[in-house]
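Quick notes on the structure that follows.
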Amino acid sequence: MTDPIIADKAHCWHPFTRQSAWCDPAHEPIMIVRAEGVWLWDEKGNHYLDGNSSIWTNIHGHCRPEIAEAIAKQAATLDHSSYLGLGHPLASELAEKLVSYFPPQTLERVFFSDNGSTAVEAALKMSLQSRMQTGEGNRTRFIAFDNAYHGDTLGAASLGGVNRFFSRFRNLGFETQFISSLETLSSVDPTTVTAVVIEPLIQGVNEMRPWPAGMLADLREWTKKHGIHLILDEVMTGFGRTGTMFACQQENVIPDFLCLAKGLTGGTVPLAATLTTAEVYNTFLGAAENAFYYGHSYTANPIGCAAALASLKIFETDKVLEGLPAKIAHLSASLEKLRATTNDIITIRQCGLIAGIEFQAGLGEKIILAARDHGLITRNILDTVVFMPPLSVTTEEIDFAVTALGVRRHVAAFPIGDMSPMKKSSDMSEHSKFKKSKDIPAH
Ligand code: PLP
């Protein structure tokens, strides 16, 4: 077989990546070959703490035996069958489990899809189509927030407020009015709006920016007053990241649509779910043309459902949510200690086990590259370094990662893309020393 890096540069196309720089002969990408707990191993045997939970997906650490076994068992029993005109027991069980996190007769219907973008896409189309079926066909517009990120499929992208990603597609997709805060809602004509879409408690791609406390509850009140659907995109915040199972629970908000993906399977295989109410669902009943003509080949994939059920079970067996307050407090304290040692940090934003550490201009990429040499892989969004470890992280592992963020060494600039890794420092000796040192927590 061809060397994997040569084959990669010859044939692969990475997301959010400047391929010309990626494929430059001087660029030596890290190839990950193995993972266990919060650790990732590259093909040279270096290991790194997974500081962004493999793009915000991993929950209980990598390769948890219970999830791996559930996947293996399901793959050998029923790998896939169409969910179009057929059902299977694991999807039934998972749907029942997901709705059980909410009061009865609230979010009680589950539509499965494949990823965060499609979870949002389905909610948008459901909201619009339901209006057409309730005599509210004038409600055709969406409201979204500046700098929001809801995914890259065209519908979800039209709700995306990150101009550097979405401005070129602005005239395609759904008609959307962007607002910056609740105060600006007064500029909106509510009678033509079908839904407001928001990442609850904290915007992720917008450099990890939390909303003011109480904002979500106020938004819910406003949407109810005006008969507007509230779509909560919990693709990042779901499954314990913010300290509660779902972010909306912190403000006692129940939306009309809840979009879940990333952590649903514990970060193992793709699966997404869009939860909605009977009120919305009932508008799709009756005549054939009222049905929701939308779906994907791998909808409710049984292996994904098995992984999700195993992951949700671990929340109970490991008492994951109960263990979070101590870890969250430890992360705050650890980051405060880091701030005290350097003038490089402008501000620290934290919501649960999600942290965005904003460094001085021009440092974001340098920090994440230097951190690699000290055993931490994470990503920067502009100059904000994301630290969002799996929920299974220990306090020792948090300290290890935060220490790695405090070490700034010069790394040759090698821009790959807006949020992408750059060339590794040519001097890896320090990392090698770290790897063998007792400073790395046991794992
Ligand atoms: N919504 C939010 C809040 C996200 O953070 C993301 C991805 O980062 C998405 C939607 C899109 O999810 P996916 O990449 O699985 O399509």
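Here are the numbers for this structure:
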{"read-out": "Flag if Ser54 is within 16 Å of the ligand (Cβ to nearest atom) and over 16 Å from Phe239 (Cα atoms)", "value": "no"}
{"read-out": "Residue match in the range 316-332 (condition: open to solvent by less than 10 Å² (accessible area, probe 1.4 Å) and in contact with a Phe, Trp or Tyr (Cβ under 8 Å, 6 or more places away or on another chain))", "value": "yes"}
{"read-out": "Exclusive hit being assigned by TED's automatic domain parsing to the domain that holds Thr223 and either buried (at least 16 other Cβ atoms within 10 Å of the Cβ) or touching a residue at least 60 places away in the same chain (Cβ under 8 Å) (or both), set Ser158, Ser186", "value": "Ser158"}
{"read-out": "Filter result for Thr194 (outside any strand (DSSP E or B), among the hydroxyl-bearing types (Ser, Thr, Tyr) and assigned by TED's automatic domain parsing to the domain that holds Thr106)", "value": "no"}
{"read-out": "Gly356 open to solvent by less than 50 Å² (accessible area, probe 1.4 Å) and at positive phi", "value": "no"}
{"read-out": "Tally of residues being aliphatic (A, V, I, L, M), more than 13 Å from the ligand (Cβ to nearest atom) and part of a loop (DSSP other than H, G, I, E, B) across the range 252-281", "value": "2"}
{"read-out": "Scan of the range 197-224 for residues that are more than 16 Å from the ligand (Cβ to nearest atom) and either of a type in the set (Phe, Trp, Tyr) or in a strand (DSSP E or B) (or both), ordered by number", "value": "Trp222"}
{"read-out": "Yes/no for Ile179 being touching a residue at least 60 places away in the same chain (Cβ under 8 Å) and touching a Ser or Thr at 6+ places or on another chain (Cβ under 8 Å)", "value": "no"}
{"read-out": "Within the range 217-229, tally of residues that are out of contact with any strand residue (DSSP E or B) (no Cβ under 6 Å at 6 or more places or on another chain) and buried (at least 24 other Cβ atoms within 10 Å of the Cβ)", "value": "1"}
{"read-out": "Helices (runs of 4 or more DSSP H) wholly inside the range 65-142 containing at least 3 residues that are more than 16 Å from the ligand (Cβ to nearest atom), over 30 Å from Leu154 (Cβ atoms) and outside the structural domain of Ala35 (by TED's automatic domain parsing)", "value": "65-77, 89-99"}
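The values are calculated or read from the model by the stated rules, or taken from the named source; none is laboratory data. Predicted model, so just to flag it, every value in this text is computed and none were measured. No Cβ is skipped: glycine too gets one built from the backbone with ideal geometry, and neighbour counts run over all protein chains shown. Ligands, DNA and RNA are stripped out before the accessible areas are found, and what is left, the full protein with its side chains, is counted by its heavy atoms. Shrake-Rupley method; radii C 1.70, N 1.55, O 1.52, S 1.80 Å.
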